[in-house]
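Please read the structure below before turning to the comments.
All of the numbers you see were taken from the coordinates with simple rules; none came from a lab. Everything quoted here is computed from the prediction, not taken from an experiment. Note that we place each Cβ from the backbone using ideal geometry, even for glycine, and neighbour counts take in every protein chain shown.
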Amino acid sequence: MQELLDNYAAVFLAGILGTLLVLTAILASRFLAPFSRSPGKSTPYECGMLPIGRVRTQMQVRYYLFAILFLIFDVEAVFIFPWVVTFVGVGQAAFYEMALFIGILFGGLVYAWKKGVLQWR
Amino acid sequence: MSPEEQQEAPIVPPPPGSVADLFAAVLPDVKFQAAQGALDVILTVDREDLRRVLRAAKDDPRLDFKYLRCLSGVDHMEAGVEVVYHLYSYTHKHNVTIKARLPQDDPRLPSATSIWRGADWHEREAAEMFGIFFEGHPNLVPLLLPEDMTDHHPLRKDSPLAEIEEWQAERAGLAAGEAGEAEE
Amino acid sequence: MEVEKAAATATPEAEAKAPAEVAVEAAPQVMPKRGVEIEAERLRPVQVEPGKALYRQVLPGVLQVPADLVIAAARKSSLWPMTFGLACCAIEMMATYMSHHDLDRFGIVPWASPRQADVMIVAGTVTKKMAPAVKLLYEQMPNPKWVISMGACATNGGPYTRYDRVLQGVDKIIPVDVYVPGCPPRPEALMDGLIALQNKIMEERKKIG
Amino acid sequence: MTVEQEQGLETLEINVNMGPQHPATHGVFRMVLTVDGERVVDLVPHIGYLHRGAEKLSENLDYRQAIGLQDRTEYLAAFNAELCYVMAVEKLAGLEVPERAQYIRVILAELNRITSHYMFMGAFATDIGVFGTAFTYGFREREYIQDLFEEVSGDRMMYAYFRPGGVAWDAPDNFKERVRWVCRQTRVGISDIDGLLTTNEVFVARTRGIGAISSQKAIDYGLSGPVLRACGLKVDLRREEPYSIYDRFDFDIPTGERGDSFDRYWVRLEEMRQSVRIVEQAVEQMPDSGPILPEKLPRRLRCPPGEVYMRAENPRGEYGIYLVSKGGDKPYRLKVRSPSYCNLMALKEMTVGHYVADAVVVLGSIDIVLGEVDR
């Protein structure tokens, strides 16, 4: 029970440090920088020119496909990280399970590739 | 230098067999005033038949001036505004300079963009710098000056140079000079 | 062809148009008559409010002096200039960034967007058509920000000062901290300007806040 | 303007403003791209953000003073611009340039072409995505050549060293050894960049077939220089209308096949090698001593009335000086025919239909210098 608690203590500590880092990153500039508001500062940056056109434009539908594909392989990477870290002590079976996991996702990628989603028509 | 000292260039007739004779052969009914410049032959044409001359210069196989080198405006004050076309042919490897002089009060000229696509910006620049109006130019909007500045023609001889203004940082009190120290 | 007729003028455009003429698609707009006076509004100097940092109000006086020192030392040793090359001085500025005259050792990293930049090095001639863009870029930079006017053109118009379309000095529209002389200034001169800016930051640490 | 989609979901077109302050526009060039998703549908270039009136000011400077403005107009290859302007004045005034001065001029002009192409290599590769590496290579090599320029003319970029009739003062005594050393160093630099980029698979994939233009269209638009030679035309002013002493050197003219961005890069790379060949031949043939200015050069040069359109082969294309003189010591009208200005007219023709990322590549491949575009 004790080492279980220790494990969770480590995770808990990592969580605190993570949020602390993020908070200082955000609040430090708010706290230290002499902030001054001006009309020009709030306009979106367009290489020095006043912005053209409207912000609310319907985007191309193809961007959605790229976003979904990225999401899938990003989540896959999240699952691979813990596996890689504990790879030595876990034993043979984990390797084949992960191979199967990656194989299925690779199948999805091949399907998307053949469908021509990766090409910007 | 004052206008009195300005002398006109002496008209030196071009050597026989030069481009001027080719032009005379191709367009017999157009009267050219030919002269030999430092490098190429210069033909001065009236404004009325300029378009036909340029069209023939490009399409006629004997002339074949497919390459518009440069199109520039020259302001001769009372003597009017002059538009100068420098043409070159890659096949015959010969050059020509075609000039058209416009009266100062009515600087109007048919556009050459339909003949050479490369004339587009040259004409827009000549238009905004000298106030020449090119008829038939698809988009005669100032190019080097801001788009909405249409009555200022800097390259004209009568538009003056700017005076040297006082340097900001020396003038006391203006924020620009002492921006470093934020006011207490 | 109808466009030609629309623009047919008094001159006897007599002969028939050659059919092979490329149809000119847009009608030539009649140019709106607008004068030079609209420039005045575009060239008005930028309003500058240096703004007050929170830690100055919260921290008691005795703690502010070391805080200022640390913050100013941090700011001066990581100046991020916005790549704002206008003309010939930009090539000399790039030569200064590159390995031969390396600026990375000062912690100076050229950055493309004004949002993360601290210094705006105005390298080149500021024309009146470019002035609104310079003002907007300066406003879009977060405080604290500094401006280095590199070269004679940015300081007072340089060799082009007598032309009426050139702004005689960028300090007519935005406040300038360091003027670097030269046309173009040598890389060593620009480095000297940046070091002068660093010293200026250290000297004025109490005021910037 | 909405764009119909196969699935019936119509999307609006976005106006992307690649404005005056942009890392990929090589200065203050602005183009408004109308973009349908990733594909460029329309492109409107805006120039004039660096219009400093060099032509208007030259009308109020005498012939020697206007040399400084020519350097600042074409600031990447100042020697070539000076050479073209100075030859125009010599043609008008009928001055004879002594031998040694001609050789010094050709050597410096060709070396300046190499520095300009180095700058192109760095900027073009950065546009493609080889961020920084090619820039550091290019600028390292430029420094070697700029050191030589500084020894000869006293300045790194704005030389004002050529004069109508020759050069201002004689080159230093170790000029020949220094030029030979710089040529050896340049050959190493060229092979570095060649090895880095030409066979780089990503570089070729990003530039082959992008921004292609046919040779008829190129001539119709008035393109010149490497952009025109990339379309397969063997056209070089140093060979067709040899000016100065270019007819004494043998060098060949590299041409591309398809006129796309890779060919333009490749033509400039080969041109650098040809320039080194020219410089090496020029150093061998150069007389060791001799006058550098004609004897009877008047203090205040007055040109007889007349006009001339002098053209020279600049790194970017045909750089022309149309000089009108009405007597007196000031030019009456000085028009600079800038190659980048003419090459930019075809930008829309080359870019529409490609992706947004390729618009940056096409603009980079034309290699514009804004001082010369806006004059």
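Things to note:
- Residue among D:16, D:86, D:179 with the largest mean-square fluctuation in a Gaussian network model of chain D, springs linking Cα atoms under 10 Å: D:16
- Ordering C:132, C:191, C:90 by the projection of their Cα atoms onto the charge dipole of region C:49-208, which places +1 on the Cβ of Lys and Arg and -1 on the Cβ of Asp and Glu, puts C:132 at the extreme positive end.
- FRET efficiency for the pair residue D:176 and residue D:241, taken as 1/(1 + (r/R0)^6) with r the Cβ-Cβ distance and R0 = 30 Å, rounds to 0.55.
- Put the Cα centre of region D:144-187 next to the Cα centre of region C:127-168 and the gap is 33 Å.
- Looking at region B:82-165, the GluC sites (Glu not before Pro) that sit in a DSSP loop and have at most 16 other Cβ atoms within 10 Å of their own Cβ are B:147, B:163, B:165.
- When the Cα positions of D:32, D:334, D:278 are compared along the charge dipole of chain D, D:334 comes out farthest toward the positive end, with charges on each C-beta of Lys, Arg, Asp and Glu.
- Test item: C:104-112 mean partner chain Cβ contacts at 10 Å: 1
- Counting only Cβ charges, +1 for Lys and Arg and -1 for Asp and Glu, the dipole size of region A:2-115 around its Cα centre is about 900 debye.
- Listed residues D:60, D:174, D:314, most fluctuating in chain D (Gaussian network, C-alpha, under 10 Å): D:174
- Calculated mean residue ellipticity, 222 nm, chain B: -5000 deg cm²/dmol, from DSSP H runs (n ≥ 4) at -39500 (n - 2.57) each, averaged per residue and rounded to 500.
- Cβ-Cβ distance of residue D:258 and residue A:29, R₀ of 51 Å, FRET efficiency by 1/(1 + (r/R0)^6): the value works out to about 0.50.
- Average partner coverage of C:120-127, which counts Cβ from other chains inside 10 Å: 4
- By the beta-carbon count within 10 Å of each Cβ, the least crowded to most crowded order of A:88, B:19, A:61, fewest first, is A:88, A:61, B:19.
- DSSP-assigned coil residues among GluC sites (Glu not before Pro) in region D:279-375, each with at most 13 further Cβ atoms within 10 Å: D:295
- Sorted fewest first by neighbouring Cβ atoms within 10 angstrom, C:102, D:367, C:68, B:29 come out as B:29, C:102, C:68, D:367.
- Note on the protein assembly as shown: with charges restricted to the Cβ of Lys and Arg (+1) and Asp and Glu (-1), its dipole about the Cα centre is near 660 debye.
- For chain A, adding -39500 (n - 2.57) for each run of n ≥ 4 DSSP H residues and dividing by the number of residues yields -24000 deg cm²/dmol at 222 nm.
- Alpha-carbon centroid distance for the pair region B:53-132 / region D:310-337, whole angstrom: 16
- Only the Cβ atoms of Lys and Arg (+1) and of Asp and Glu (-1) were treated as charged; on that basis the dipole of region B:9-158 about its Cα centre amounts to roughly 660 debye.
- Top of D:34, D:126, D:199 by mean-square fluctuation, Gaussian network on chain D, Cα under 10 Å: D:199
- In chain D, the calculated helix contribution to ellipticity at 222 nm averages -14500 deg cm²/dmol per residue, counting -39,500 (n - 2.57) for every DSSP H run with n ≥ 4.
- FRET efficiency for residue D:356 and residue A:1, using Cβ-Cβ distance with R0 set to 60 Å, rounded to 0.05: 0.55
- Applying the criteria of a DSSP loop state and at most 14 other Cβ atoms within 10 Å to the GluC sites (Glu not before Pro) of region B:1-77 yields B:8.
- Sequence of D:229, D:300, B:108 once ranked by neighbouring C-beta atoms within 10 Å, starting from the fewest: D:300, B:108, D:229
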